[in-house]
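Below you'll find the structure I mean.
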Amino acid sequence: MGSGPNGALKTPVRHLDTPHHLDIPDGLAVTSLQISNSRLDMTPFQTSNFRFEIPGGAATERAFPHPPSDWPSPSARLEQRKAASTTAVNSDTVRTPKQSIVHVTWSLVAGGSEMYAYTIASNLDPVRYTSFICAIDQGGPLEPEVKASGIPYCIMNRRPGIQLSLVWRLFALFRRTGARVVHTHHFNQLFYSAIGAKLLGAKLIHTEHSVEYLKARRFRIALRLLSTLCDSVIAIGEDGASVLRGQVGIPARKVRIIRAGVNMEEAPLSKEQAREELSLHPKDQIAVIVARLYPEKNHILLLEAFADVVRRVPRAKLLTVGEGTEQPAIAAHVLKLGLDGAVTMMGVRRDVRRILAASDLFVLSSDREGLPIAVLEAMAMSRPVVATRVGDLPKVVAEGVTGRLVESRNPKALAEAIVDVLSSTGLSDQMGDNAREAVRKNFSLTAMIDEFESLYSSK
């Protein structure tokens, strides 16, 4: 047993016959671990020694640092939590225990799953719930907005590869925040959060935003095993739910569909005002894509299609919103195709509603998708959608009614659909009106939040 970074104890752990290490930070003198073939027991104790036992082997005991002298006692911390959950109602102080909901995301990049988690956290009933967001890998452009909202958050800065110490860091976080519900987003976050949530006795809810990775058998097996620790597994659409039940083998009673929702109550912005504020020409015909710059979004294919579009619609412009690993390749392809006068790469933006208001059309060229929130936001802004026929998009975009659908990896078909919509103002306006009505009926934010509150509070 040696020392890890920052003076942490580094304790060998036998796991699947492979040596691993857990970094146990200074001051965490509150648990005794016992590992057996079938269970992991964690028992509170009050001592300054750390005892690590492997059944069938010798126990190892080592002095463990005391908590800092200014730490409140356990009873004082309990009183602090009770005080924090006290809510003032009609000037009378009523002790109402709030439920603490911890969302675990990959990052605070303004991607689909991150925005989904933030939307839930920022719209729950503040009288009944408190929210916390934990990003296990990195921060990102969403961080200032989360901070401004008053929602507490942390960034774990996970190192590359499997980092088992993160399991215990998350357990400590869940305990410190008094988590009643741990809500994970995507597989990695479930992998690192599941043990800590169950040791704490918290309800564990997992949302699977994309099922494309489940084509690999090892991930299906892993998710099926982890799902045994989950109280509910959420799919955001019918296709995802079908994969989780039929291919992964998660019991149907655990799988639930809760569709993403968008706010329909915000006042619409005028196209003219939005274009003026963004310095866009009033006569341009503008398509916009809001998506991270990653290979599966296939911006390169969209550029190939748009090269054909601008030859047929001279005032056609494309705005790309997002950042990611493909940014250099996309920028180089814009120059290669001579589209530098027609394509504007806007990077990460937090004024997406204004950009959508300035556009005539939303376009998505993905090879795979779940249910993109950006598509719903565009439809809520009365914008028609041209997208590839992947994931749950066919259940959202009605062909010829709210937009156009084309086969993936077909730049010619994508170009034709874009030209058709941009060339007919009447068709575009009608599709946009239909799109907004479809979102209002089927993807309201109110319905989404109501379903999650019911799920969080259920026994």
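Is it the case, given these coordinates, that LEU223 is outside any strand (DSSP E or B), more than 22 Å from GLU453 (Cα to Cα) and in the same structural domain as PHE452 (by TED's automatic domain parsing)?
Here the answer is yes, as LEU223 does meet what is asked.
Also, quick follow-up: From ARG368, ARG389, ARG383, ARG404, grab the single residue that is in contact with a strand residue (DSSP E or B) (Cβ under 6 Å, 6 or more places away or on another chain), basic (Lys, Arg) and touching a residue at least 40 places away in the same chain (Cβ under 8 Å).
After ruling out the rest, the residue left standing is ARG383.
Going by the conditions given, is ALA216 small (Gly, Ala, Ser), in the same structural domain as ARG256 (by TED's automatic domain parsing) and closer than 20 Å to GLU453 by Cα? Give the derivation first.
Details: small (Gly, Ala, Ser): yes; in the same structural domain as ARG256 (by TED's automatic domain parsing): yes; closer than 20 Å to GLU453 by Cα: no.
Spelling it out, it is not the case that ALA216 is small (Gly, Ala, Ser), in the same structural domain as ARG256 (by TED's automatic domain parsing) and closer than 20 Å to GLU453 by Cα.
So VAL334 clears everything in (1) farther than 27 Å from TYR213 by Cα; (2) β-branched (Val, Ile, Thr); (3) touching a Lys or Arg at 6+ places or on another chain (Cβ under 7 Å) except one condition, right? Which one?
Condition (3) is where VAL334 drops out.
May I pose another question? Being over 30 Å from the mean Cα position of the chain (by Cα), on the phi < 0 side of the Ramachandran plot and either part of a loop (DSSP other than H, G, I, E, B) or buried (at least 20 other Cβ atoms within 10 Å of the Cβ) (or both), is that true of even one residue in region 405-415?
Within region 405-415 (the criterion being over 30 Å from the mean Cα position of the chain (by Cα), on the phi < 0 side of the Ramachandran plot and either part of a loop (DSSP other than H, G, I, E, B) or buried (at least 20 other Cβ atoms within 10 Å of the Cβ) (or both)), the answer is yes, since at least one residue qualifies.
Out of GLY249, GLY240, which single residue is touching a His at 6+ places or on another chain (Cβ under 9 Å) and assigned by TED's automatic domain parsing to the domain that holds LEU164?
So the residue among GLY249, GLY240 that is touching a His at 6+ places or on another chain (Cβ under 9 Å) and assigned by TED's automatic domain parsing to the domain that holds LEU164 is GLY240.
Name the residue, out of ARG169, ARG180, that is in a strand (DSSP E or B), of a type in the set (Lys, Arg), out of contact with any Gly (no Cβ under 6 Å at 6 or more places or on another chain) and crowded, with 19+ Cβ neighbours inside 10 Å. Lay out the reasoning, then the answer.
Numbers: ARG169 fails: in a strand (DSSP E or B).
The match here is ARG180.
Table: residues versus (1) assigned to a strand (DSSP E or B); (2) within 16 Å of ASN298 (Cα to Cα); (3) modelled with pLDDT under 95.
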| position | (1), (2), (3) |
| --- | --- |
| ARG354 | no, no, no |
| VAL363 | yes, yes, no |
| SER382 | no, no, no |
| VAL419 | no, no, no |
| LEU427 | no, no, yes |
| GLU451 | no, no, no |
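The values are calculated or read from the model by the stated rules, or taken from the named source; none is laboratory data. It should be emphasised that the depicted structure is a prediction, and the values quoted were computed from it without experimental measurement. Backbone-built Cβ (ideal geometry, glycine too); neighbour counts: all protein chains shown.
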